[in-house]
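The structure appears right after this line, and notes come after that.
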Amino acid sequence: MDLEAMRHSAAHVMAAAVVRLFENVQLDIGPVTKDGFYYDFDLPARISPEDFPRIEAEMGRIIKADYPFEKTQMSRAEAAEVLKGRKYKLERLADIPEGEPITFYKCGDFIDLCRGPHLARTDEIPAFKILSVAGSYYRGIETNPMLQRIYGIAAQSHKEIADYLARLEEARKRDHRKLGRELDLFSSHDEIGAGLILWHAKGALIRSIIEDYWRREHLKEGYELLYTPHLGRSLLWTNSGHLDFYRESMYAPMKIDDQEYFIKPMNCPFHIMVYKTNLRSYRELPLRWAELGTVYRYEKAGVLHGLLRVRGFTQDDAHIFCTAAQMEEEIRKTLRFAMKILRSFGFADISAYLSTKPAKAIGSDENWTAAINSLRNALQNEKINFAVEEGGGAFYGPKVDLKIHDVIGREWQMSTIQFDFNLPERFDISYIGEDGQPHRPYMVHRALLGSLERFFGILIEHYGGAFPFWLAPEQVRVLSITDKELEYAKKVAETLRGENFRVTVDASSGKIGAKIRNAQMKKIPYMLIVGAKEQTARSVSVRSRFEGDKGALPLAELIGKLEEESKV
Ligand SMILES: [Zn+2]
Ligand SMILES: [Zn+2]
């Protein structure tokens, strides 16, 4: 079955149902989505989820009536006549270039301007469900009227629909915005500005654990760490080309001492300026410079989403400068490093995409070929499955993207290893080769986690907020059964803190059952329950968030087990 034609046909059926059920409906368009379809409507009534059952019932009747989808071609004048009074459709009609056929599809009493294709009959739609309704600006432009977009899914069977809904429900439970609130990890506020994140104490603690680990691993891999400013003069951004090619993503300049300054959308030009502070010899290459660099980029308000799409974020950035002879090994090292880091955070299912030279590109063919070969060879040597996106590279160089699948099967773009033939030219950077002559180094941008904000969002959803032991902001909570053991509970916590574990004591006056429920809700890996018996025996009763009661352990033995579990 042609799924796209089926889903798009379902969009028509939904539009027909809405027109039957509501007054004064103006239609816009109804394209397919990954798993279904939507349709944009303008109507006086506000559609809500309470309306979905009757829209679905009407759709069911239209499907059952088994109308054929009848195609008719019209002249522009005839089409305009049919669409009289339908303002969005008339504008869409005007979009159709002169000379292209203008076609309509009719099913039952419903006729719609449409390119098709469609199923033959409405009865061929096997299963569908309306999912949600949301505001959507006409043509995606914020000054245009707000339409109501109804989303649905359509599939080959009711079982597929049920599976899809179950996955959706699972994703909802794991939504990082919801868990972020419940676990007190982060927030954003209108007063501060959209897409700007506050990291609360527990979220910030996780971030600092990630950053510490990241720095340690980078030093091990032979990187050096840089810090660079948040702003730079317009001259820098002119030299880098950002003001020509990237300005719409940058914030307006501010004036300081008659000079214009821009907040940085990227760290690269700063790293290049560090490179240029010295005459470089082939002997000091490769240079690997990493920075947790905070950048700001303009994103439309409509696309901002929790931590996943923000306006201010910290990239785990690095730039590698190397010679042609070193390139292959550098790429291999980088790829291996990326895999190691992703796996250490629990992402085992990794796939790669190699993007090659687009039609419009700068840099010599020779450089492109060498760079693409180094990426391809590295992927093959590391035995990573990859797909090639022919012509999918940026104009300035080829790249490899690593994507992970999370625990509920969603794909997320993570690491990028990106060659750049542009900036080294623009900034005219070079090194003195063995031959005593200046050469242009290869430059590679790479980010392993992407940005800390987005990565944290994905991490929250992957683990459903139950972070692995080494990342958990609160690793252990000690719960006393009565106040009589509170002193002992505090002593246990102190001992564990002395061993560098993150421990708290629940000193509330609640019953032990309530204390356990509370710790469970906060997804704390271990609860240590202490009563009179444990106090006398100098032990603790261990309760795991996943496995429940694990029995009593002497404190020393517990420390050994926790140390084992702390290893990344
Ligand atoms: Zn259509
Ligand atoms: Zn860069």
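Values as computed for the structure displayed
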quantity: Of PHE321, ALA301, LEU131, farthest towards positive along the dipole that unit charges on Lys, Arg, Asp, Glu beta carbons give the chain; calculated: LEU131
quantity: Carbon/sulfur fraction of accessible area - segment 443-484, other protein chains in place, 1.4 Å, %; calculated: 58
quantity: Accessible solvent surface per residue of the chain, calculated while the other protein chains remain in place, 1.4 angstrom probe, Å²; calculated: 48
quantity: Distance violations [Cα-Cα > 28 Å] among LYS399/LYS523; LYS360/LYS383; LYS220/LYS399; calculated: LYS399/LYS523; LYS360/LYS383
quantity: Chymotrypsin sites (Phe, Trp or Tyr not before Pro) within segment 100-130: DSSP coil, no more than 11 neighbouring Cβ in 10 Å; calculated: none
quantity: Share of carbon and sulfur in the accessible heavy-atom surface of segment 282-371 [1.4 Å probe, %]; calculated: 48
quantity: Beta bridges by DSSP in segment 312-471, antiparallel share as percent, to the nearest 5; calculated: 85
quantity: Hydrodynamic radius by Kirkwood, which averages 1/r over all alpha carbon pairs of segment 152-231, in angstrom; calculated: 16.7
quantity: Distance from segment 12-29 to segment 538-556 (C-alpha centre basis), Å; calculated: 61
quantity: Alpha-carbon centroids, segment 318-350 and segment 223-255: separation in whole Å; calculated: 26
quantity: Distance violations [Cα-Cα > 32 Å] among LYS129/LYS357; LYS129/LYS340; LYS202/LYS340; LYS64/LYS173; LYS64/LYS84; calculated: LYS129/LYS357; LYS129/LYS340; LYS64/LYS173
quantity: Pairwise Cα inverse-distance average, inverted: Kirkwood Rh of the chain (Å); calculated: 28.1
quantity: Sites GLU221 and ALA252 - FRET efficiency at Förster radius 35 Å, r taken between beta-carbons, to 0.05; calculated: 0.35
quantity: In segment 109-177, the GluC sites (Glu not before Pro) that fall in loop regions by DSSP, at most 13 other Cβ within 10 Å; calculated: GLU142
quantity: Kirkwood hydrodynamic radius over Cα pairs of segment 487-564, then Stokes diffusion coefficient at 37 °C and 0.692 mPa s, in µm²/s; calculated: 256
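The values are calculated or read from the model by the stated rules, or taken from the named source; none is laboratory data. From a predicted model like this one, the values you see are computed outputs, not experimental measurements. Reconstructed Cβ throughout: ideal geometry from the backbone, glycine too, with neighbour counts over all protein chains shown. These area figures cover heavy atoms from the full protein model, side chains too; ligands, DNA and RNA do not enter into them. Shrake-Rupley method; radii C 1.70, N 1.55, O 1.52, S 1.80 Å.
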